[in-house]
Amino acid sequence: MEGTEERSESARQSGIRSPVRTRQTIEQNVLDSLVYRECICQRDLEAALEGAREGSVDLETILLDRYQVSRNALGAALSDFYQCPYLPFDERTSIDADLFKTLNIDYLKKNLWLPIARHGVLIDVLTSDPNDPEKGWDVRRAFPGATIRYSVGLRRDIEQFLAAAKTSGKSTSLGTILSELVHDIPVVQATEVTTSVIDENDSAIVRLANHMILEADRLGASDLHIEPYADRKDTAVRLRVDGSCFTYMKIPAAYRRAVVSRLKIMANLDIAERRKPQDGKIRFKLAGTRHMELRVATLPTAGGDEDIVLRLLTAKEPMPLEAMEFSSETLQAIKSLAEKPHGLILCVGPTGSGKTTTLHAILRYINTDERKIWTAEDPIEITQDGLRQVQVHQKIGLTFATAMRAFLRADPDVIMIGEMRDKETADIAIEASLTGHLVLSTLHTNSAVETVVRLLDLGCDPFNFADSMLGILAQRLCKKICSQCREAYHPSLQEWEELTQGYGTQHWPSLGIEGGEDQTLYRGRGCEICNQTGFKGRVPIHEFLVASDVLKKLVQSKSRPSEILTAAMNDGMVTLLQDGILKVRRGLTVCSQVRAVAAR
């Protein structure tokens with residue numbers, strides 16, 4: 001074709017054109033830009049070009065894999081050259097599968113372009129080469145009369161998007177489901193109060209509810225929030241991943257009640273009651289033999305609508321204690337106390353801080369044929385052989401206190417109570433620990449010292465509690481630095497001062513660390529694995545109070561929290577903030593994350 005130069009096969013497989021065609025353009029712009037940004041040195045660049053000319057491996061692969069050029073840097077250089085945005089792969093990006101009805105995935109993979117979304121007559125297209133006239137003609141033939149808006153992407157980005165589009169096409173895309181809603185379900189006005197649109201057998205509504213739950217599980221979300229709005233605004237669907245919320249998708253306002261009602265039906269709730277909160281559970285089957293339980297809570301909001309929140313509780317195996325990022329001293333102390341024949345061990349922290357996971361890790365450590373272990377939980381999130389686990393059921397009167405009384409008649413060695421919610425349960429737990437049983441439980445308090453004060457405020461006998469107490473473990477979860485893009489850096493003097501002040505100037509010399517700007521800390525640069533956040537997963541920080549004779553006397557005398565804290569630290573207790581700073585030094589998290597969850 002006139003004006004079109006010959007391409008190498010390697011260039012057809014890469015977001016960067018081959019050196020044969022683009023010596024005066026790409027070499028002078030994109031590649032020089034990489035050198036200017038210090039992503040690669042000139043000598044390595046020339047070696048990469050030579051390797052690409054041989055044709056065995058494309059230039060993109062050589063730059064990314066052999067010379068460790070980041071996708072972001074390469075994408076930014078392409079964006080500057082083509083004067084259009086760079087779109088990296090993001091698994092949260094919702095691709096409209098309706099745009100693929102007349103397109104072949106294999107064809108798109110070979111030619112490296114795909115449609116992403118439609119906005120009226122405007123269609124967003126991702127391509128490896130926005131200036132390629134052949135691709136431009138193919139796009140216009142596929143979408144005649146539409147306005148095309150291009151984004152540039154690497155070959156790897158495009159292939160990952162196509163793989164995601166292929167998978168979502170098999171499971172029916174969100175766009176297809178919503179289009180079926182438009183045709184199959186009558187639109188209900190915001191002021192209309194009726195259940196005529198709610199049909200648990202309606203396939204589109206059923207598949208939409210299932211789609212949201214499956215996507216939440218795929219993205220590793222802990223919560224799923226459905227938030228209807230008045231004034232005909234779209235209903236927001238938000239997910240919480242690694243402790244942070246983001247809007248995943250939006251549902252047309254006309255179908256907000258149908259979606260909420262479907263979820264209420266799945267949780268066996270009253271769909272006609274929209275004036276007061278309700279709570280229930282959904283047992284959802286995932287691929288294969290996997291099952292997931294969801295806690296469902298509804299709350300009435302302005303405009304006569306209801307918010308609904310689903311907490312995802314995927315059944316999983318218990319973790320070993322060694323995998324829970326305990327310090328060596330704390331790990332040894334926990335193992336020692338867990339071997340005791342009787343006493344009370346508490347794990348405390350806010351909702352979602354990993355308390356149940358920690359208790360099951362302790363149970364796994366002591367779970368042997370010689371021990372009979374009973375647990376009462378609500379719900380049962382983690383299962384393991386050797387434990388006799390009881391699901392608490394408040395509606396029929398099977399409470400934690402009721403289960404505890406039954407356990408004491410069943411000759412246990414170890415008892416685990418999911419939560420000490422009231423004085424009755426706390427008293428029975430303390431009594432059981434004093435009569436020859438090891439008792440483990442959780443409590444919602446902010447620190448180990450506050451747990452002592454909370455139980456005494458509940459009315460527990462201070463002498464019995466002091467005699468039964470073995471240890472109290474407080475914990476939080478911080479965002480973990482992404483292992484794929486973690487990089488070392490030298491902190492500023494101010495940042496180093498914040499670390500020393502947070503740990504405590506009187507305790508810092510005990511670490512034997514000197515200097516500030518010469519030290520090395522770590523941070524996440526941001527990559528496609530962590531969605532450019534620099535964080536992936538979470539790491540726990542701990543505070544373990546071991547009951548010494550001095551502490552027991554302070555509990556018996558109902559001493560002030562400050563006195564108990566001072567005594568505990570004199571006995572060697574490391575606070576949440578201090579443990580977090582130690583994990584900052586180890587390169588697991590950053591100081592801002594520690595302060596966000598453990599600031600006193």
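The values are calculated or read from the model by the stated rules, or taken from the named source; none is laboratory data. Because the structure is a prediction, the values reported are computed rather than measured. Every residue, glycine as well, gets a Cβ built from its backbone with ideal geometry; the counts of neighbours run over all protein chains shown. These area figures cover heavy atoms from the full protein model, side chains too; ligands, DNA and RNA do not enter into them. Shrake-Rupley method; radii C 1.70, N 1.55, O 1.52, S 1.80 Å.
At a glance:
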{"read-out": "Set Gln24, Gln13, Gln42, Gln83: member being in contact with an Asp or Glu (Cβ under 6 Å, 6 or more places away or on another chain) and either at pLDDT 80 or above or farther than 30 Å from Val237 by Cβ (or both)", "value": "Gln13"}
{"read-out": "Residue that is farthest from Gln83 (Cα to Cα) [pool: residues in region 112-125 that are out of contact with any helix residue (DSSP H, G or I) (no Cβ under 6 Å at 6 or more places or on another chain) and of a type in the set (A, V, I, L, M)]", "value": "Val121"}
{"read-out": "Residue count, region 27-39 (criterion: at pLDDT 50 or above and either more than 23 Å from Ile158 (Cβ to Cβ) or open to solvent by 10 Å² or more (accessible area, probe 1.4 Å) (or both))", "value": "9"}
{"read-out": "Of all residues making up region 141-155, the number that are within 18 Å of Cys84 (Cα to Cα) and open to solvent by 10 Å² or more (accessible area, probe 1.4 Å)", "value": "6"}
{"read-out": "Residue count, region 112-129 (criterion: open to solvent by 10 Å² or more (accessible area, probe 1.4 Å), hydrophobic (A, V, I, L, M, F, W, C) and not in a strand (DSSP E or B))", "value": "1"}
{"read-out": "Scan of region 393-415 for residues that are in a loop (DSSP other than H, G, I, E, B) and within 18 Å of Leu443 (Cα to Cα), ordered by number", "value": "Thr399"}
{"read-out": "Residue selected from region 446-491 under the condition in contact (Cβ under 8 Å) with a residue 12 or more places away in the chain and of a type in the set (Lys, Arg), by the criterion surrounded by the fewest Cβ atoms within 10 Å (Cβ to Cβ)", "value": "Arg486"}
{"read-out": "Among the residues listed as Cys478, Cys460, the single one being outside any helix (DSSP H, G or I), touching a strand residue (DSSP E or B) at 6+ places or on another chain (Cβ under 7 Å) and under 30 Å from Leu346 (Cα atoms)", "value": "Cys478"}
{"read-out": "Checking Thr102 against (1) assigned to a loop (DSSP other than H, G, I, E, B); (2) within 30 Å of Cys41 (Cα to Cα); (3) not aliphatic (A, V, I, L, M), the condition it does not meet", "value": "(2)"}
{"read-out": "Residue count for region 504-556, restricted to those that are within 25 Å of Leu470 (Cβ to Cβ), open to solvent by less than 70 Å² (accessible area, probe 1.4 Å) and of a type in the set (Asp, Glu)", "value": "1"}
{"read-out": "Residue in region 379-392 that is in a strand (DSSP E or B), among the acidic types (Asp, Glu) and either open to solvent by less than 10 Å² (accessible area, probe 1.4 Å) or touching a Ser or Thr at 6+ places or on another chain (Cβ under 8 Å) (or both) present", "value": "no"}
{"read-out": "Among the residues listed as Asp58, Asp44, Asp65, the single one being under 17 Å from Glu159 (Cα atoms) and out of contact with any helix residue (DSSP H, G or I) (no Cβ under 7 Å at 6 or more places or on another chain)", "value": "Asp65"}
{"read-out": "Looking only at region 579-593, and only at residues there that are over 17 Å from Tyr489 (Cβ atoms) and buried (at least 23 other Cβ atoms within 10 Å of the Cβ), the one that is nearest to the chain's Cα centre (by Cα)", "value": "Gly580"}
{"read-out": "Matching residues, region 316-336, being out of contact with any strand residue (DSSP E or B) (no Cβ under 8 Å at 6 or more places or on another chain), open to solvent by 40 Å² or more (accessible area, probe 1.4 Å) and under 27 Å from Gly220 (Cβ atoms)", "value": "Met319, Pro320, Glu322, Ala323"}
{"read-out": "Residue count for region 348-378, restricted to those that are of a type in the set (D, E, K, R) and in a helix (DSSP H, G or I)", "value": "2"}
{"read-out": "Qualifying position, being in a helix (DSSP H, G or I) and over 13 Å from Lys423 (Cα atoms), among Val452, Val439", "value": "Val452"}
{"read-out": "Single condition Leu313 does not satisfy, out of (1) surrounded by 17 or more Cβ atoms within 10 Å (Cβ to Cβ); (2) under 30 Å from Ile481 (Cβ atoms); (3) modelled with pLDDT of 85 or more", "value": "(3)"}
{"read-out": "Given (1) over 32 Å from the mean Cα position of the chain (by Cα); (2) modelled with pLDDT of 85 or more, index of the condition Ile481 fails", "value": "(1)"}
{"read-out": "Set Ser433, Ser492, Ser510: member being closer than 24 Å to Arg388 by Cβ and among the hydroxyl-bearing types (Ser, Thr, Tyr)", "value": "Ser433"}
{"read-out": "Filter pass, Pro561 being touching a residue at least 12 places away in the same chain (Cβ under 8 Å) and touching a strand residue (DSSP E or B) at 6+ places or on another chain (Cβ under 7 Å)", "value": "no"}
{"read-out": "Only one of Gly145, Gly136 that is without any contact (Cβ under 8 Å) to a residue 24 or more places away in the chain and either assigned to a loop (DSSP other than H, G, I, E, B) or not charged (D, E, K, R) (or both)", "value": "Gly136"}
{"read-out": "Qualifying residue in region 353-361 (condition: over 24 Å from Asp223 (Cβ atoms) and either at pLDDT below 90 or open to solvent by 50 Å² or more (accessible area, probe 1.4 Å) (or both))", "value": "no"}
{"read-out": "Residue in region 229-248 that is within 12 Å of Asp305 (Cα to Cα) and of a type in the set (Ser, Thr, Tyr) present", "value": "yes"}
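Table: residues versus (1) under 30 Å from Thr566 (Cα atoms); (2) within 30 Å of the chain's Cα centre (by Cα).
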| site | (1), (2) |
| --- | --- |
| Thr383 | no, yes |
| Ala410 | no, no |
| Leu443 | yes, yes |
| Val452 | yes, no |
| Asp457 | yes, no |
